[in-house]
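Just below is one structure, and these are the notes that go with it.
The values are calculated or read from the model by the stated rules, or taken from the named source; none is laboratory data. Note that the structure is predicted; figures quoted are calculated from it, not measured. All Cβ positions, glycine included, derive from the backbone under ideal geometry; neighbour counts span all protein chains shown. Just the protein is used for accessible areas: all its heavy atoms, side chains included, with ligands, DNA and RNA removed. Shrake-Rupley method; radii C 1.70, N 1.55, O 1.52, S 1.80 Å.
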Amino acid sequence: MSTTDWTPYEGRIAGAATLEALDAIEQELFGRKQGAMTLALKALGNLSPDERRVRGAELNAQKQGLEEQLQGRRTELRAASRGSLADTDPLDVTLTLPRAPRGHLHLVPEFIRSVEGIFGRMGFDVADGTEIETEEYNFDLLNIPADHPARDAQDTFWVRDSGIGNRTEGERLVLRTHTSPVQIRYMHAHTPPLRMICPGRVYRKDADATHSPMFHQFEGLMVDRHISLGHMKGVMIEAMRALLGGDIEFRFRSSYFPFVEPGLEVDVRWRGGAETKEGRWLEVVGCGMVHPQVLKNGGLDPDEWRGFAFGFGVERLVMIKHGIRDLRMLYEGDMRFAEQF
Ligand code: PHE
């Protein structure tokens, strides 16, 4: 019987350029009906038992050799096609990229968010005011007399109304010097009991290491029937401990603001060890019981309602919290500064 020379197949397998070409050769060899190897194996049946044993062993070895060669070439072609895919396809799902750098909120809005969270848990609503105020709301309704130094051109930005909409052209307006006008606006818009805070930008004509012409304040207002200084102390202490952290002691000093009576200032100091932050008392907030005239200006009867109010400077607290000595660094946008936090 004729024996098949498999070397041409071996040459073609080694030279197959694509997986498809390789599949075609495999089909030619091992196809179920016409495959050359399939037919050769079938033909063994026509041989005598002795011949069949010899020829069968030979053929099986050749078959195995061809299968291994096919498998080897297939592995090579697969590896090559993966390599060329990585070269041409920009989407390589196997690639591990370095983590994209992740930033964080600026210290001021970050602090404002934490204040909203802390007061929110104590049931305070977050209110909004307006940055351009009338003299009436910024001063008069807050009991600030016409000759009060806060109205002085030296520390206040005045603007003139352009008269858009239903406003009066030429009216003297002011970039609000504090968030306290929101107390009045909130009392006008809501019925007590009230609990609100309002964070926002305020403006004063000041600029040095601890003052900037624009800064942020938080006003707080709580009005109910039986509010006392005790409630105010409780809220202040709770909030300051949560905001500043550490073991803080408090000092409540009497002070004067025309819109509260009595008025107080709160100082904080860190107790003990390395946390003392120089061990000085730091003034952090102005507060007091809402003046009866201010309740009246807000449309409330001072015989029925009482309240407390407070206002603190956000930048000042951020500086204390993070040990920042110059407020201007908060606004310079220097990444070497920002990345420290
Ligand atoms: N508005 C005051 C300020 O800017 C702070 C303050 C608010 C004081 C509320 C008492 C009550 O200094």
Using θ = phi - 60° and the Karplus relation 6.51 cos²θ - 1.76 cosθ + 1.60, list the HN-Hα couplings for region 142-159 in order, rounded to whole Hz, with x at every Gly or Pro.
-> 9, 6, 8, x, 4, 9, 5, x, 4, 7, 4, 4, 4, 10, 9, 9, 9, 10
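Set the Förster radius R0 to 56 Å, insert the Cβ-Cβ distance between GLU10 and ALA100 as r into 1/(1 + (r/R0)^6), and round the FRET efficiency to 0.05.
Efficiency for this residue pair is about 0.60.
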Counting sequence-distant residues (5 or more places) and residues on other chains, those with an amide H built under 5 Å from that of LEU173 are VAL159, ARG160, ASP161
For region 113-163, with every protein chain kept in place, what is the accessible area per residue (1.4 Å probe, Å²)?
-> 54 Å²
Carbon and sulfur together cover what percent of the accessible area of region 7-99 at a 1.4 Å probe radius?
-> 55 percent
Run down the lysines and flag those whose C-alpha is under 28 Å from the C-alpha of LYS296, throwing out any fewer than 8 positions away in its chain.
-> LYS233
Pull up all non-local amide H partners of GLY288: gap of 5 or more, or a different chain, and H-to-H distance under 5 Å with H placed in the peptide plane.
-> LEU264, ALA309
Pull out a ≥ b ≥ c, the square roots of the eigenvalues of the alpha-carbon gyration tensor of region 107-338, then state rounded if a/c is under 1.5, prolate if not and a/b is larger than b/c, and oblate in the remaining case.
-> oblate
Rounded, prolate or oblate: which fits region 208-271 when a ≥ b ≥ c are the square roots of the eigenvalues of the alpha-carbon gyration tensor, with rounded for a/c under 1.5 and prolate only if a/b beats b/c?
-> oblate
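Ignoring any ligand, DNA or RNA, what whole percent of the accessible area of region 196-300 comes from carbon and sulfur when the probe is 1.4 angstrom?
Carbon-and-sulfur percentage of accessible area, whole number: 50.
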Would you mind checking which residues have amide H under 5 Å from ILE227's amide H? H placed 1.01 Å from N; only 5 or more apart, or other chain.
-> ARG306
Name the shape class, rounded, prolate or oblate, that the alpha-carbon gyration tensor gives for region 146-186, where a ≥ b ≥ c are the square roots of its eigenvalues, rounded holds for a/c under 1.5, and otherwise prolate holds if a/b is larger than b/c and oblate otherwise.
-> oblate
Derived scalar couplings ³J(HN,Hα) [region 189-206; Karplus, 6.51 cos²θ - 1.76 cosθ + 1.60; whole Hz; x for Gly, Pro] | 9, 10, 9, x, x, 10, 9, 9, 10, 9, x, x, 7, 9, 9, 8, 7, 9
The chain: calculated mean residue ellipticity at 222 nm from DSSP helix runs of at least 4, using -39500 (n - 2.57) = -12000 deg cm²/dmol
Taking r as the C-beta separation of ALA80 and GLU51 and R0 as 45 Å, the FRET efficiency to the nearest 0.05 is 0.55
Net charge near ARG73: determine it from the other residues with C-beta under 14 Å of the C-beta of ARG73, scoring Lys and Arg +1 and Asp and Glu -1.
-> -4
Backbone HN-Hα couplings from phi across region 313-323 [Karplus 6.51/-1.76/1.60, Hz, Gly and Pro as x] = x, 5, 4, 4, 5, 4, 5, 5, 4, 9, x
Per residue accessible area in Å² of region 7-88, where ligands, DNA and RNA are left out and the probe is 1.4 Å = 66 Å²
Ordered by packing density, taken as the mean number of other Cβ atoms within 10 Å over each peptide's residues, highest first, how do 181-188, 54-61 rank?
-> 181-188, 54-61
Among GLN62, LEU22, PRO49, whose Cα sits farthest toward the positive end of the charge dipole of region 7-88 (+1 at Cβ of Lys/Arg, -1 at Cβ of Asp/Glu, about the Cα centre)?
-> PRO49
